[in-house]
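Peer 1: The structure follows.
The values are calculated or read from the model by the stated rules, or taken from the named source; none is laboratory data. Values in this document were obtained by computation on a predicted structure and should not be read as measured data. Ideal geometry is used to build each Cβ from the backbone, glycine not excepted, and the neighbour counts take in all protein chains shown.
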Amino acid sequence: MSVTIRIGLPKGSLQESTFELMRKAGFNISTSYRSCIPEIDDPEIEARLIRAQEISRYVESGVLDAGITGYDWIIENGSNVITVAELVYSKQGYRPVKWVVAVPEKSDIYSISQLNGKRIATEVVNITKKFLEKHGVHAQVEFSWGATEVKVPEMADAIVELTETGSSLRAHNLRIIETVLESTTRLIANVNVWNDSARRAKIEELAMLLKGALTAEGKVLLKMNVKTDKLSSVVEQLPALHAPTVSSLHSAGWVAVESVVDEDVVRKLIPRLKSAGAEGIIEIPLNKIVP
């Protein structure tokens, strides 16, 4: 039986990286400049472009069946949703992001305890309040609509801001004093939808393909022909994801070898393989690796 799920995709900073991940997972998405209803080449999926900050609320309420958003926004909204998969990617790379407490370089604040009675600007008010409460700190936490880095020191004593590399904070002469929360992207589902076997199966299928696309990120498949008396020497060079696949060729005394390797080592690896006896080496980019 055919089912349709409505999924929220993050609009804004995560949009392009999410579209690219979906493409590698096998889904082509297109959207016009102002449209919030992308077209997707799967009749069983309807997509909506929504700010990541709001997606978990719409999934919890059932307006969306599923969504891709950050763990931070699930916590900030206190949303009761099913976490289907952790997808470790962000705007700039494939690593977690962090919400950090930052102050001006010249500030005399060096610890969380020194924030007592201070003013803090942030977009994650609830997360910040819980963090301060955990440390026994009483401070004034104000919601920031954006451009949070420029609000210290004139409008706030400190900020709690999202960072991947810290470069933006350093560019604004800010110093990190503590990490509040580490966050990764998550595929989430509505609780009732998750209890519907047909829609759950579709969401689990999507999760499998997305995780497969992430697993393949930065990896390639190397294929080569090797004389049997050179096989051991060639295999020793291969830092395989699993043991390399070796199969017999029609020509006696030859085998075909396949191995998944990190793309960033290929330029050094291929000359070593060639010297060890490999021939006809082919490098193939990968979209998905599904265990």
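Peer 1: Out of curiosity, is Thr185 surrounded by 21 or more Cβ atoms within 10 Å (Cβ to Cβ) and touching a Leu at 6+ places or on another chain (Cβ under 7 Å)?
Peer 2: yes
Peer 1: A further question follows. Any idea which residue in segment 121-138 is farthest from Ala158 (Cα to Cα), counting only those that are buried (at least 17 other Cβ atoms within 10 Å of the Cβ) and touching a helix residue (DSSP H, G or I) at 6+ places or on another chain (Cβ under 6 Å)?
Peer 2: Checked segment 121-138; the qualifying residue farthest from Ala158 (Cα to Cα) is Ile127.
Peer 1: Report yes if some residue within segment 24-41 is within 14 Å of the chain's Cα centre (by Cα) and farther than 22 Å from Leu181 by Cα; otherwise report no.
Peer 2: Yes, segment 24-41 contains at least one residue that is within 14 Å of the chain's Cα centre (by Cα) and farther than 22 Å from Leu181 by Cα.
Peer 1: Taking segment 271-291 as the search range and keeping residues that are small (Gly, Ala, Ser) and surrounded by fewer than 17 Cβ atoms within 10 Å (Cβ to Cβ), which one is farthest from the chain's Cα centre (by Cα)?
Peer 2: Across segment 271-291, the extreme among qualifying residues is Ser275.
Peer 1: Scan segment 19-30 and give yes if some residue there is buried (at least 18 other Cβ atoms within 10 Å of the Cβ), among the hydrophobic types (A, V, I, L, M, F, W, C) and assigned to a strand (DSSP E or B), otherwise no.
Peer 2: yes
Peer 1: On to the next question. Given the condition of a type in the set (Gly, Ala, Ser), loosely packed, with under 15 Cβ neighbours inside 10 Å and in a strand (DSSP E or B), answer yes or no: does some residue in segment 230-251 qualify?
Peer 2: Within segment 230-251 (the criterion being of a type in the set (Gly, Ala, Ser), loosely packed, with under 15 Cβ neighbours inside 10 Å and in a strand (DSSP E or B)), the answer is yes, since at least one residue qualifies.
Peer 1: So which pairs qualify, if the first residue must be in segment 125-139 and at pLDDT 95 or above, the second must be acidic (Asp, Glu) and buried (at least 19 other Cβ atoms within 10 Å of the Cβ), the Cβ gap must be under 9 Å, and the two must be at least 6 apart or on different chains?
Peer 2: As it stands, the answer is Val125/Glu76; Asn126/Glu76; Ile127/Asp72; Ile127/Glu76; Ala139/Asp157, since those pairs meet every condition given.
Peer 1: Would you point out which residue out of Ser35, Ser90, Ser2, Ser13 is crowded, with 19+ Cβ neighbours inside 10 Å, part of a loop (DSSP other than H, G, I, E, B) and either out of contact with any Gly (no Cβ under 8 Å at 6 or more places or on another chain) or at pLDDT below 90 (or both)?
Peer 2: Criteria check complete, one pass: Ser90.
Peer 1: Run down Ile82, Ile75, Ile55 and say which single residue is buried (at least 17 other Cβ atoms within 10 Å of the Cβ) and closer than 19 Å to Glu164 by Cα.
Peer 2: Exactly one of Ile82, Ile75, Ile55 is buried (at least 17 other Cβ atoms within 10 Å of the Cβ) and closer than 19 Å to Glu164 by Cα, namely Ile75.
Peer 1: Exactly one condition in (1) buried (at least 17 other Cβ atoms within 10 Å of the Cβ); (2) assigned to a helix (DSSP H, G or I) is false for Arg48; which is it?
Peer 2: (2)
Peer 1: Next question, about the same structure. Any idea which of (1) crowded, with 21+ Cβ neighbours inside 10 Å; (2) over 18 Å from Ile45 (Cα atoms); (3) of a type in the set (Lys, Arg) is the one Arg199 doesn't satisfy?
Peer 2: Here Arg199 meets the rest and fails (2).
Peer 1: Do you know which residues across segment 140-160 are under 18 Å from Glu76 (Cβ atoms) and modelled with pLDDT under 95?
Peer 2: Residues satisfying the conditions are Ser144, Trp145, Gly146, Thr148.
Peer 1: Can you pull out the residues in segment 161-183 that are within 10 Å of Val97 (Cα to Cα) and in contact with a helix residue (DSSP H, G or I) (Cβ under 9 Å, 6 or more places away or on another chain)?
Peer 2: Leu162, Thr163, Leu181, Glu182, Ser183
Peer 1: Continuing with the same structure: Would you confirm whether any residue within segment 163-173 is buried (at least 19 other Cβ atoms within 10 Å of the Cβ) and either among the acidic types (Asp, Glu) or modelled with pLDDT of 95 or more (or both)?
Peer 2: no
Peer 1: Now a separate question. Does Asn190 satisfy the criteria of being in the same structural domain as Asp42 (by TED's automatic domain parsing) and on the phi < 0 side of the Ramachandran plot?
Peer 2: yes
Peer 1: Residue under question is Ser30, and the condition is that it be in contact with an Asp or Glu (Cβ under 6 Å, 6 or more places away or on another chain) and without any contact (Cβ under 8 Å) to a residue 40 or more places away in the chain; does it hold?
Peer 2: Yes, satisfied.
Peer 1: Criterion first (touching a strand residue (DSSP E or B) at 6+ places or on another chain (Cβ under 9 Å) and under 12 Å from Asp65 (Cβ atoms)) does Leu206 satisfy it?
Peer 2: yes
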